[in-house]
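Single-structure report; data block below.
No lab work stands behind these numbers, since they all come straight from the coordinates. Remember, it's a predicted structure, so these values are computed and weren't measured experimentally. Note that we place each Cβ from the backbone using ideal geometry, even for glycine, and neighbour counts take in every protein chain shown.
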Amino acid sequence: MKAAARSKEKQLPGASPYLLALREELADRSMKRLAIFALGDLAVEVAQGADSVWALIRRPGLGGFALRAAYAPGLTARRKPASDAVLIEVKSPLGRHEIWFATSVTDLHRLRMTVRLTPAVPLLIPFLPRDLYPLDVHDDPTGARGQVEAAQRGVNTGLLFLRRDEPGMGSLLYFQNLTAMNGYYRATDTVPDGVVGGEWPEFGYLPPSPPQSGTPPTKPLPPGETLTISDAILVFRDMPARDEQDMARLFLQLLGSAYAAIDRPDVEYRDWTDRADRTLQDLINSPKATVRHYGHLYVHPYTDSEYPDAMVQLSLIAALHDYAKWRGKPVALERSLLQGLPKFYDAKLGCLRRYLPNVGEDKDADAVDSWYLYHPLLNLARLALDGVEEAKALLFDSLEYAIRAAHHFHYRWPIQFKVGDFSIITATAADDHGQTDVGGIYAYVMLLCFQLTDDKRFLDEARAAIEAARGMRFTLNYQANLTAWGAAACLRLWRITDEPDYLQQGYVYLASFFHNTEIWESEIGAARHYHNFLGATCLQDAPYMAIYECFESFAAFERLLDDGGPRLEPAVRALVSEYCRYALDRAWFYYPDTLPRKILATKIRNGHIDPKLSFPLEDIYADGQAAGQVGQEIYGAGAAFVFATRSEHWVTDAPFRLFCNQFLRGIERTGEHALAIQLDGAEGYGADLSVIRLPRRRMPRLTLCTADGDPIKPRRRRPDRVDYRVPAEGRLVLQWLPATGKARGDS
């Protein structure tokens, strides 16, 4: 046995004292049992060790996991009565711990462990050990085999996804509800940056502590104040993952289960119609927004800063085009910007360049980020499908070059290259990967071209790009919006070809996307003044969320849900729909007029911040840094138009319009004063539906009910708006009786 143990130890990267102590206690069976309960076919034993309380989670005869519930040297522990959970009280020189265990067993087995600490004294926390160890069939943490597939990145969701090689143990998602620990982070002046991870076989949550130096930390936990120090959710699935598609689907299923368990912040109605109107006026009237070259009008990428850029122009043109259709009347600015587009076209190369020919010498006119080559084509294709002939001509003039570039790089693009000869300027980012998800947006462009032409060549190009991305697993995400468009491309391919493999590959893109989201609400520093819940950090290694990636992913997910239909994995529909619901609330706080001046950055990389302009900041931070350090984005100004046109709905000959923070798949007039409304969210979740009075009209008397006739009462009534909380999926019936009396003036 000793020889076997030494052999196992040689395979480890190293063994900490905490790992060795756990192995010793399990080997000599010295722990004291406090409770035992079932978790489906798993058995959970809660036991007191020498310095910790443990939850030992085992599948009989197959191994398991040891979960540290509390580290408290000198402890005494006992079980206390509790009606719907297992409650353990721990007393030690540190103070008093309360440990709550709750279970949920459906097709997935979910264990939640919440730990609250009331310090006895002002308690400094120099270090607390990690809390999760695998166990082999002999309860030996050094003998278990497996692989960590995904762990927390930066201040994104505190999660760990791993698979066990032993038959029967399957997969585990470990999720820390970081929202619950805001009090701890504020008290200790710490940030949960990369706190969930580790090296096999010692991983889990490593609570952040102040930096150690010659001067001890001076930020104690206050005595007598109860703080949550862990809120861990473990979701088990005994199904093994055969390949990356299985792995992605399992990850999304387990993450969906953990998401369903946490308390989620409320959202508010945001008037994106008014925001869009204000944005349009600032684009038209502010000299900081636009500039003229060659007799044409162009927009600055940032407030009064940076050279006109093809991607920026087309992003705004496409958003304004949608806005004009939604309003039912043209927007002159769209036509003005469209007229200047041909100056970006290089007839010799047959491509759209990033900059105009007169760009300053401080820019490399030949340099282009890979995604900047294809993103303008995405918007040209969308405009072409809507009948904009100038966009269609420019798109097809540029396609051969775009395809040639894809072939040159074998559908694996670098970060940046020269348009003249494809020579690489920057091959990879810090993670040694190029722009791994550019193939996704390329595939979506090709599919739009296939829709325009019915030319199978474009369909084959889309297939080749998606095929080249296989095997990247959780490293697929480079930039959030590109990954979202890649997921949408996969589902569109599935719908076109009826090949289920593309649906499954779409889950690979989505798993990588949601790995890079912040499924927690920060109250650290400046983050107290805005919302970050379920936001995606813009790049795979970026410290901030960005408005452009936020609204672009929202737009891509609208298409994905439309193509997904009822066969979409329920957890996927829930996560994607919830991302979009929270985006409508979260994105409001990118606009500097919504934030206190004191939290706006004073050192700004691009241009300056003008809170009077309705243009969003590029960057906000979950770790509480000053907002807007990168700049105020004019190229992100399309956000207001995208959010307004997807969430606000006109009703013909009615004195109101509708707002809903879930996508509506149908609004049908069933009577002179009646509507049937079909929501497209996830079962078991909620949506917010508002009836908004139009200017100079009176609010009618309203009745809202489910398709079964169950009445839904308003959550809130205002003179100009009535708010309802409704099921996120299903059919509703709205009826109204015209109000009597004189028309109401604008409020």
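Data for the structure
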item: Under-5 Å amide H pairs with residue 96, H placed in peptide plane, nonlocal only; result: 118, 120
item: 0 to 90° range, to nearest 10: angle between helix 456-468 axis and the chain longest Cα axis; result: 30
item: Cβ-based exposure ranking for 169, 446, 699, in which fewest neighbours within 10 Å come first; result: 699, 169, 446
item: Residues residue 610 and residue 454, FRET efficiency given R0 of 45 Å [Cβ-Cβ distance, rounded to 0.05]; result: 0.40
item: Degrees between helix 480-497 axis and first principal axis of the chain (Cα, 0 to 90, nearest 10); result: 80
item: Under-5 Å amide H pairs with residue 681, H placed in peptide plane, nonlocal only; result: 729, 730
item: Rounded FRET efficiency, nearest 0.05, which uses the C-beta distance separating residue 496 from residue 102 and R0 of 41 Å; result: 0.35
item: The range 93-193: trypsin sites (Lys or Arg not before Pro) in DSSP loop, at most 16 other beta carbons within 10 Å; result: 145
item: Theoretical FRET efficiency, 1/(1+(r/R0)^6), r = Cβ-Cβ of residue 669 and residue 78, R0 56 Å, to 0.05; result: 0.30
item: Value of relative contact order over the range 169-271, rounded to a whole percent, pairs C-alpha under 8 Å and six or more apart; result: 40
item: Gain on full stretching of the segment that runs from residue 33 to residue 91 - 0.36 nm per residue minus C-alpha separation; result: 19.2 nm
item: Cβ-based exposure ranking for 554, 659, 396, in which fewest neighbours within 10 Å come first; result: 396, 659, 554
item: Cα-based Lys pair tally, the range 2-257, threshold under 28 Å, eight or more apart or on separate chains; result: 7
item: Per-residue HN-Hα couplings for the range 417-434 [Karplus 6.51, -1.76, 1.60; θ = phi - 60°; Hz; x = Gly/Pro]; result: 8, 9, 6, x, 9, 6, 5, 7, 8, 10, 7, 9, 8, 4, 8, 6, 10, x
item: Crossing angle, helix 370-385 versus the chain [Cα axis fit, 0-90 degrees, rounded to tens]; result: 50
item: Karplus-derived 3J(HN,Hα), 6.51/-1.76/1.60, for each residue of the range 600-617, Hz, glycine and proline x; result: 7, 5, 9, 9, 10, 6, 10, x, 8, 9, 10, x, 6, 8, 8, 10, x, 5
item: Set of aspartates and glutamates with alpha-carbon distance to residue 348 below 12 Å, sequence-local pairs under 8 removed; result: 397
item: Whole-Å distance, taken between Cα centres, linking the range 556-595 and the range 51-96; result: 38
item: Percent RCO, i.e. relative contact order, over the range 651-737, from Cα pairs under 8 Å lying at least 6 residues apart; result: 35
item: For the range 575-589, 3J(HN,Hα) per residue [Karplus equation, 6.51 cos²θ - 1.76 cosθ + 1.60, θ = phi - 60°, Hz, x = Gly/Pro]; result: 5, 5, 5, 5, 4, 5, 4, 6, 4, 4, 8, 5, 5, 4, 8
item: Per-residue Cβ neighbour rank within 10 angstrom, fewest leading, 76, 114; result: 76, 114
item: Per-peptide average of other Cβ atoms within 10 Å, ordering 15-21, 688-694 highest first; result: 688-694, 15-21
item: Residues whose placed amide H lies under 5 Å from that of residue 72, excluding near-sequence neighbours; result: 52, 53
item: Relative contact order (%) - the chain, alpha-carbon pairs under 8 angstrom, separation at least six; result: 9
item: Between the range 693-713 and the range 293-338, the alpha-carbon center distance in angstrom; result: 37
item: Proximal aspartates and glutamates to residue 288, defined as alpha-carbon separation beneath 19 angstrom and excluding residues fewer than eight positions away on the same chain; result: 277, 304, 306, 309, 334, 593, 610, 618, 633
item: Highest-first arrangement of 60-68, 100-108, 557-565, where packing means the average Cβ count within 10 Å; result: 60-68, 557-565, 100-108
item: The chain: equivalent-ellipsoid semi-axes (sqrt of 5 x gyration tensor eigenvalues, Cα, Å); result: 46, 32, 26
